[in-house]
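The values are calculated or read from the model by the stated rules, or taken from the named source; none is laboratory data. Here the structure is a predicted model, which is why all the values come from computation and not from measurement. A quick note on method: Cβ atoms are made from the backbone with ideal geometry, for glycine too, and the neighbour counts reach across all protein chains shown.
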Amino acid sequence: MTVHRGVAARVAAGMLAAAVLLGACTGAGGDAPSPSATPTVEPTQPAVVELPDSPAGEQARWVLEQLDAPAGSGLPEVEERFSAELLAQVPSDELVAVVEQLRPLAPWTVTGVEAGPDALVAQIGGQGQDLEMQLAVDEAGLIAGLFFGEAAPAREPAADAAALLDEVAGLPGSSLLVAEVLDGACVPVEGLVGGSSAGAELPVGSIAKLWVLGAVVDAIAAGTLAWEDEVTVTDALRSLPSGELQDAEAGTTLTVREAAQKMIEISDNTATDLLIDAVGREAVERAMVDMGHADPGINIPFASTRELFHLGWGDPTLRERWSGADEAGRRALLAELPPGPPEIDPAAMSLVAAWPDGVDWFATAADVCAAHAALAERAQTPAGEPLTEILTANPGVTPDDAWSSIAYKGGSSVGTMAGSWYAVPAGDGPPVVVVLQTAARSANDAVAARTMVGIAEDALRLAAP
């Protein structure tokens, strides 16, 4: 269940499950970074990186100004800076507590940033502490998501395929597949397949939205839906972030085409659920089969994003019931769920991995590759005409000249990080699909988004014609 444009920041912010909210530094549990007023590491002088001139960049500058303010300064302008939706989940006193934790390590310096217009991921350094700050803004430019976590370790590009596979094998629950698409089928590239759980059915998070998109195209091809038809935001179908439609007023309408764009480009969960409602759950289940999933029963019934939030982080008894139920029992359980999203403690959610209890969508890397290949075939039909534009709006990596276009969908939940890319060469050669999946049972062992992006960029470089 997964926020930006062709950069790792867009991937990271778009892929975080639930809200991109305050997490690692909220003081929940003993695994959060623990700043000290007496750092044991001598301060360094890293190169200063400028934040972008964008709504997200302006808000990030303000946040850093607050981190550099004297202890006990409070947090002015809270209501002017943060969205009402975020403040409803994270009260202002909790925001102040996070900032006060970090103030003893001032001054804070930006040492790296990747950004889109509405979100960014910045590496920031204080005295003896390096952190990653993720920030997203809503349509009004207010801070809708803010997260501080330990910075991802520095990563050198892989020198060759063997080095890349060694790195992937060291990741938790990992599977890497690099395949060429020949006559609609995925053919693995020799020497670029591996991982600690290679070929396993692993949680894929919002990558499952590829099957929803396929169901939409199939409905349009059948004449039961049109790209110009409208869907309507309702309180009953409202989900949680990622995305922006969760903040839209009930009664807000948008076209199926617009909803599909939001579902893929910014991984909008509410847009996804509107489309599932428009085509029907069973249509998504059929599309999953038609698009080549080898074991579709693992995802049947196909839950909406709203339903997965309820199952994973709402009533704690639901996860256990879901885990032990058969298909009929799971369908009955979904029918019991209340409308709208559950009320979830963001700090508590950040610590609970629900996928080991079956609360996610699951697939092998080959299943994901098949989904991309199926969508590429649908893109050549009249019903699928917008697909290429929808899927390539956010390439998920920094493209290079070897590829004329890159379609992307990523997904994550607590402990998991996954990404998939369908790259069309600029010259001769077949399309190449890269699928990277990781699944840790502890949030603290989760793979950083920019590590995943770096591995994908290396895989694409090594597979380039």
Check: Checking LEU182 against (1) more than 30 Å from VAL63 (Cα to Cα); (2) crowded, with 16+ Cβ neighbours inside 10 Å; (3) in contact with a Pro (Cβ under 9 Å, 6 or more places away or on another chain), which test does it fail?
Finding: (2)
Next item on the list: Would you check if ALA60 is of a type in the set (A, V, I, L, M, F, W, C), under 18 Å from ILE124 (Cβ atoms) and either modelled with pLDDT of 90 or more or surrounded by fewer than 16 Cβ atoms within 10 Å (Cβ to Cβ) (or both)?
Entry: yes
Notebook entry, point to check: Is it fair to say ALA88 is under 15 Å from ASP138 (Cβ atoms) and at pLDDT 70 or above?
Noted result: yes
Checklist line | Enumeration of residues in the range 386-424 that are over 22 Å from the mean Cα position of the chain (by Cα), over 21 Å from THR272 (Cβ atoms) and of a type outside the set (S, T, N, Q) | finding: ASP400, ASP401, ALA402, TRP403, VAL424
Note to self: I need the full set of residues from the range 134-152 which are touching a Lys or Arg at 6+ places or on another chain (Cβ under 8 Å) and assigned to a strand (DSSP E or B), in order please.
What the structure shows: ILE143
Checklist line | Flag if GLU94 is part of a helix (DSSP H, G or I) and assigned by TED's automatic domain parsing to the domain that holds TRP62 | finding: yes
Next item on the list: Working only within the range 95-124, note down all residues that are closer than 14 Å to GLY57 by Cβ and among the aliphatic types (A, V, I, L, M).
Entry: VAL110, VAL113, ALA115, ALA119, LEU120, VAL121, ALA122, ILE124
Checklist line | Considering residues of the range 280-305 that are crowded, with 24+ Cβ neighbours inside 10 Å and either assigned to a helix (DSSP H, G or I) or not assigned by TED's automatic domain parsing to the domain that holds ASP326 (or both) only, the residue nearest to the chain's Cα centre (by Cα) | finding: THR305
Next item on the list: Take the residues in the range 435-450 that are surrounded by 20 or more Cβ atoms within 10 Å (Cβ to Cβ) and part of a helix (DSSP H, G or I), then tell me which one is nearest to the chain's Cα centre (by Cα).
Entry: ALA449
Margin query: Testing ILE220 on (1) farther than 30 Å from ALA161 by Cβ; (2) of a type outside the set (D, E, K, R); (3) touching a strand residue (DSSP E or B) at 6+ places or on another chain (Cβ under 7 Å), one condition comes back false. Which one is that?
Written below: (3)
Checklist line | Output for the range 363-415, where each listed residue is closer than 20 Å to GLU265 by Cβ, of a type in the set (D, E, K, R) and in a helix (DSSP H, G or I) | finding: ARG378, GLU389
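Listed here are the residues, each with its yes/no results for (1) surrounded by 19 or more Cβ atoms within 10 Å (Cβ to Cβ); (2) in the same structural domain as GLU65 (by TED's automatic domain parsing); (3) within 23 Å of VAL96 (Cβ to Cβ); (4) at pLDDT 90 or above.
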site	(1), (2), (3), (4)
ALA115	yes, yes, no, no
LEU120	yes, yes, yes, no
ILE124	yes, yes, yes, yes
GLY128	no, yes, yes, no
GLU132	yes, yes, yes, no
LEU135	yes, yes, yes, yes
GLU139	no, yes, no, no
ILE143	yes, yes, yes, yes
ALA159	no, no, no, yes
Notebook entry, point to check: Of the residues that make up the range 404-414, is at least one in contact with a helix residue (DSSP H, G or I) (Cβ under 6 Å, 6 or more places away or on another chain) and among the aromatic types (Phe, Trp, Tyr)?
Noted result: no
Note to self: Yes or no: the range 256-266 includes at least one residue that is in a loop (DSSP other than H, G, I, E, B), touching a strand residue (DSSP E or B) at 6+ places or on another chain (Cβ under 9 Å), assigned by TED's automatic domain parsing to the domain that holds GLY340 and under 18 Å from PRO386 (Cα atoms).
What the structure shows: yes
